[in-house]
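Only one structure is covered here, and it is reproduced in the block below.
The values are calculated or read from the model by the stated rules, or taken from the named source; none is laboratory data. Keep in mind the model is a prediction, meaning the values are calculated, not measured. Because the Cβ atoms are built from the backbone with ideal geometry, glycine has one as well, and the counts that use them run over all protein chains shown.
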Amino acid sequence: TYLKIVNCYIRCTKDYTNDRRGDCGRLVREISCEYVVKLVKLTLFTNKQLDYLNSYLINDILCALLEQICSKIDETRYVAGCALVNLLNEKSLLNIQHRSILEKLFLSDTQLEWRNAQVIFPLVVQLIEYEEYRYVIWKNCLITSGDSTEKSLTGASCALNNYLKLNEKNVQLFELLLNDLLKLFFDTKNQLRVYQPCIQAFERLLSQSTFQFYYEHCQQHFITICSEIIHSIESTVRTKQRLINDMKLNVSIIRFYCSLIQFNNSELKNKVIQLLTNYFQHDYPWIRRQTAQYLYETCVMYADCFVDDNTYETILNILTETNWDQNIEQLTNIKQTLLNAF
């Protein structure tokens, strides 16, 4: 019964129910963070059920709290942060993995501004290097980076990018993160709340050259992971009509595909160009125009990826001068011309 109650609280920290009022699961998540820690403290105080507080259960509780500390919602971060501090202050609680690191990050300052994303995320991202916390931090920082208010976007995105740039020569860490990213895309393909922000956040990291060093030294692994992610996206989106016409998701995918052109790998480049030109036959003219715009900007930014100047000019002219409101049949020849030019 004890384990059932604790696991119930942990599951409730993952309640992201939305209705017409918005994120109504938020209160459930916040209350669950508070009460799971209260239950642990009560267990320690009464000296009963202590056998259940093993390293696996404590790690599950910590990961549940850390997930909410990575939230884009200031108040949720505050509630989860206070709960984490209460847990770490229980010196009789054993089995906390990397306790000294957690205490150094979150107990050194007694007045830590949990509501301030630009203060908290630079601390949280440092846990990425520890296996027990890597996946939950990586996943939820990506979600917040890709779908958040301006304050939390700046906090999460900048902290993540700065941390990865600082550790860019740690190819083993980058390999693990890319493997985790691929797992994330396969695990969340039915959760648009997670899927779309992760695509957007990964695209931002690519556009900031965060993975450039890793690509130069581990090209094959990088290409393999990106190809698998592309396969996951295509198999997920193309099988669901509601996703095919989801404007926000499609723009994120278009930008992600464009960001891969910079690596100038023929295998990857040919694959994304084929997929991008498919968007020129999308049912919505707005999507076609967005594709043309982002592809044009990409071609201008990474002009050195194109060897033939004449071909390069042809591509730019087609992208800027075509009327993308034409019917799909008329755009078929234009699509083929672009494919041949690339």
Note to self: Considering only residues that are touching a residue at least 12 places away in the same chain (Cβ under 8 Å) and of a type in the set (D, E), which ones fall in region 197-243?
What the structure shows: E203, E228, E234
Margin query: Looking at region 43-53, can you tell me whether even one residue there is within 16 Å of N140 (Cα to Cα) and either surrounded by fewer than 15 Cβ atoms within 10 Å (Cβ to Cβ) or in contact (Cβ under 8 Å) with a residue 24 or more places away in the chain (or both)?
Written below: no
Notebook entry, point to check: Which ranges mark the helices (runs of 4 or more DSSP H) fully within region 195-305 that have 3 or more residues being among the charged types (D, E, K, R) and under 17 Å from the mean Cα position of the chain (by Cα)?
Noted result: none
Check: In this structure, is Y294 crowded, with 17+ Cβ neighbours inside 10 Å and among the aromatic types (F, W, Y)?
Finding: yes
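In the list E67, E34, E90, E103, which residue meets the criterion of being surrounded by 13 or more Cβ atoms within 10 Å (Cβ to Cβ), out of contact with any Asp or Glu (no Cβ under 7 Å at 6 or more places or on another chain) and part of a loop (DSSP other than H, G, I, E, B)? Don't jump to the end; show me each part of the working.
On the way: E67 fails: part of a loop (DSSP other than H, G, I, E, B); E34 fails: part of a loop (DSSP other than H, G, I, E, B); E103 fails: part of a loop (DSSP other than H, G, I, E, B).
Exactly one residue qualifies, and that residue is E90.
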Checklist line | Whichever residue in region 278-330 is more than 27 Å from N265 (Cβ to Cβ) and among the aromatic types (F, W, Y) and, among such residues, is modelled with the highest pLDDT | finding: W286
Checklist line | Residue list for region 314-329, filter: surrounded by 11 or more Cβ atoms within 10 Å (Cβ to Cβ), without any contact (Cβ under 8 Å) to a residue 24 or more places away in the chain and in a helix (DSSP H, G or I) | finding: L316, N317, I318
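For (1) small (G, A, S); (2) in contact with a strand residue (DSSP E or B) (Cβ under 7 Å, 6 or more places away or on another chain); (3) exposed (fewer than 15 other Cβ atoms within 10 Å of the Cβ); (4) modelled with pLDDT of 95 or more, each residue gets a yes or a no:
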site	(1), (2), (3), (4)
L173	no, no, no, yes
L181	no, no, no, yes
T188	no, no, no, no
F222	no, no, no, yes
S235	yes, no, yes, no
N245	no, no, yes, no
N250	no, no, no, no
S266	yes, no, yes, no
Next item on the list: Tally the residues that are out of contact with any Phe, Trp or Tyr (no Cβ under 8 Å at 6 or more places or on another chain), surrounded by 11 or more Cβ atoms within 10 Å (Cβ to Cβ) and of a type outside the set (V, I, T), restricting the search to region 18-28.
Entry: 4
Note to self: Would you confirm, using the coordinates I've provided, whether E67 is in contact (Cβ under 8 Å) with a residue 12 or more places away in the chain, among the charged types (D, E, K, R), within 18 Å of I137 (Cα to Cα) and touching a helix residue (DSSP H, G or I) at 6+ places or on another chain (Cβ under 9 Å)?
What the structure shows: yes
Checklist line | Among the candidates R77, R115, residue that is buried (at least 20 other Cβ atoms within 10 Å of the Cβ), of a type outside the set (A, V, I, L, M) and in the same structural domain as V36 (by TED's automatic domain parsing) | finding: R77
Notebook entry, point to check: of a type in the set (K, R) and either more than 17 Å from C198 (Cα to Cα) or free of Cβ contacts under 8 Å to residues at least 24 places away in the same chain (or both) - does that describe any residue in region 254-268?
Noted result: no
Checklist line | Test result for L260, crowded, with 19+ Cβ neighbours inside 10 Å and assigned by TED's automatic domain parsing to the domain that holds Q330 | finding: yes
Note to self: Just the residues that are closer than 23 Å to H98 by Cβ and not basic (K, R), please, taken from region 8-31.
What the structure shows: Y9, I10, T13
Check: Which residue pairs have Cβ atoms under 9 Å apart, sit 6 or more places apart or on different chains, and have a first residue in region 330-342 that is without any contact (Cβ under 8 Å) to a residue 12 or more places away in the chain and a second that is buried (at least 18 other Cβ atoms within 10 Å of the Cβ)?
Finding: Q336/T277
Next item on the list: May I ask you to verify whether I128 is out of contact with any Asp or Glu (no Cβ under 8 Å at 6 or more places or on another chain), in a helix (DSSP H, G or I) and modelled with pLDDT of 90 or more?
Entry: yes
Next item on the list: Identify, by number, the condition in (1) under 30 Å from K169 (Cα atoms); (2) without any contact (Cβ under 8 Å) to a residue 40 or more places away in the chain that T298 doesn't meet.
Entry: (2)
Next item on the list: Only residues that are touching a helix residue (DSSP H, G or I) at 6+ places or on another chain (Cβ under 9 Å) and free of Cβ contacts under 8 Å to residues at least 12 places away in the same chain: list them for region 20-37, please.
Entry: G25
